[in-house]
Amino acid sequence: MTQLSVKFLGSGDAFGSGGRLQTCIYVKSAAAKFLIDCGASALISMKQYGVSLLDVETILITHLHGDHFAGIPFLILDSQLISRRTDPLIIAGPPGLEERIRNAMEVMFPGSSKVKQKFEIVYRELPEGTPVTIGELGVTGMQVVHGSGAPSYALRVVCAGKTIAYTGDTEWTDRLIEVARGVDLFIAESYYYEKKMKNHLNYRTLLERRQELQCKQIILTHMSDDMLGRLDSLEIDYAQDGTEIIL
């Protein structure tokens, strides 16, 4: 069975807690190369860790907050002007994805959304709860609880005989049990240690409900200073910028 590499190019929250870069996870196998989320600092993290834009075929987005998708305008411009991309780029995520990306491009680089690229950009809106095929990937978006002006998803992705899942940003919902069930790697947002708040998970809840998740491996990410100050006490593995997991 082909190995799958999961590399955290960015493991931080929206506020750069601990000096960490924003959410961007690079997954690579012989079958496919793709990003899960693409925060505003994604291009910096890709160059820092030696990931070429030409080695990204697909970008999967969990939800439409800047620390999860706002790196895309920079990737599109670099692909056009610097990397000289010619292969298509697929960008898939929740409903409203294309409009939000185009609006972000106009805010940051007026006129850029109207420029025709030398490569095709294919936008795919993921239907809620229905598996779809994107190239060599099987992708399922499941709606979770996080206000972002559009549906927010957790993602299950099947690639090279392995399944990985990511909660995106969400408070606890029993939907996560379905998201995590049977996966080889479950990537879980863990914003606070024990404080319960709207829209986000905390470590204590994940620890208490760990057995319900029925996954082979869990790794925590998207942590605030509250979590980063307690890393020595954690009983669940956590990611740092540059962490790589081989499945």
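The values are calculated or read from the model by the stated rules, or taken from the named source; none is laboratory data. Since the model is a prediction, treat every value here as computed from it, not as a measurement. Here the Cβ is made from the backbone with ideal geometry for all residues, glycine too, and neighbour counts use every protein chain on show.
Here are the numbers for this structure:
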{"item": "All positions within the stretch 9-59 that are in a strand (DSSP E or B) and out of contact with any helix residue (DSSP H, G or I) (no Cβ under 9 Å at 6 or more places or on another chain)", "result": "Ile25, Val27, Phe34, Ile36, Thr58"}
{"item": "Identity of the residue in the stretch 84-95, assigned to a loop (DSSP other than H, G, I, E, B) and under 17 Å from the mean Cα position of the chain (by Cα), that ends up surrounded by the fewest Cβ atoms within 10 Å (Cβ to Cβ)", "result": "Pro95"}
{"item": "From Ala42, Ala31, residue being buried (at least 23 other Cβ atoms within 10 Å of the Cβ) and of a type outside the set (Phe, Trp, Tyr)", "result": "Ala42"}
{"item": "Residues (in contact with a Ser or Thr (Cβ under 9 Å, 6 or more places away or on another chain) and outside any strand (DSSP E or B)) located in the stretch 149-168", "result": "Ser152, Ala160, Gly161, Thr167, Gly168"}
{"item": "Residue match in the stretch 96-116 (condition: out of contact with any helix residue (DSSP H, G or I) (no Cβ under 7 Å at 6 or more places or on another chain), of a type in the set (A, V, I, L, M, F, W, C), at pLDDT 95 or above and part of a loop (DSSP other than H, G, I, E, B))", "result": "no"}
{"item": "Evaluation of Glu171 against (1) more than 16 Å from His63 (Cα to Cα); (2) outside any helix (DSSP H, G or I); (3) out of contact with any Phe, Trp or Tyr (no Cβ under 9 Å at 6 or more places or on another chain) (one fails), failing number", "result": "(1)"}
